[in-house]
1. By counting other Cβ atoms within 10 Å of each Cβ, how are 77, 130, 34 ranked from fewest to most?
2. Where nothing but the Cβ of Lys and Arg (+1) and of Asp and Glu (-1) is charged, how large is the charge dipole of the chain around its Cα centre, in debye to the nearest 20?
3. Per residue of the range 95-105, what does 6.51 cos²θ - 1.76 cosθ + 1.60 with θ = phi - 60° give for ³J(HN,Hα)? Whole Hz please, x for Gly and Pro, Karplus curve as stated.
4. Among 126, 1, 170, whose Cα lies farthest out toward the positive end of the dipole of the chain, if unit charges sit on the beta carbon of Lys, Arg (+1) and Asp, Glu (-1)?
5. Order these by the 10 Å Cβ neighbour count, fewest first: 53, 123.
6. What does the convex hull of the alpha-carbon atoms of the chain project to on average, in nm²?
7. Looking at the chain, identify the longest residue range that excludes and avoids all trypsin sites (Lys or Arg not before Pro) in DSSP loops having at most 12 other Cβ atoms within 10 Å.
8. In the Gaussian network model of the chain, springs joining C-alpha atoms below 10 Å, which of 118, 147, 72 carries the largest mean-square fluctuation?
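Read-outs: derived from the displayed coordinates by stated rules, not from any lab. Everything numeric here is computed off the predicted structure, so don't read it as measured data. Here the Cβ is made from the backbone with ideal geometry for all residues, glycine too, and neighbour counts use every protein chain on show.
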Amino acid sequence: MRHALTRQFGTPEDEWEFIDKPNCPPMVNNLPKDTYLSLSHSNGLICFAISSSSIGLDLEYVLANRNYEALSPLVMDDEELRIITRNKNEQANNFYRLWCAKEAYYKAISRKKQLETSLKNISIPTLISDRKQWFLYEGKNQQFQLSLVVKNKPEIIKCYHYPTSSNEQMFTLTLSEEFIV
């Protein structure tokens, strides 16, 4: 996080003041005004997002051999369940797209709203169709699904991932206009 913050704002890495609280993401005490952060990690990869409005990021390592039909009713609404069960060949892809988007949205909302919100009550098809509130960006490679939910549509999205093994961008984020299966 220090490295990404330094690249974004130019403050030396050792000057960032982190606050650790149990069961909470790291907080940075000396962020510039109106700066929002989100962090996610999975299977050795870390992704970090910085924004001027509320933002949530989720990264998941995709496991193909899971019982998605058993997992889905716990966190998906009826429309999302139909999306997941409609096409067996796309079941893993659709599950992780929906799951990551829900997690990213949950991270983007206020702590107070998080306490009142169940993942099952977050409808990703509705979130995508309502362009007045939130914007969902998605990226995928062979191993990971990435979702980014942001309150205001950004002019630019810079992607950094750690560890960095090359200069090649690991994810290309695209704005989700509708949930196509």
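1. 34, 130, 77
2. Using Cβ point charges on Lys, Arg, Asp and Glu, the chain gives about 240 debye.
3. 4, 5, 4, 5, 4, 4, 5, 4, 4, 5, 4
4. 126
5. 53, 123
6. Seen from a random direction, the Cα hull of the chain projects 11.2 nm² on average.
7. 34-130
8. Ranking 118, 147, 72 by mean-square fluctuation puts 118 first.
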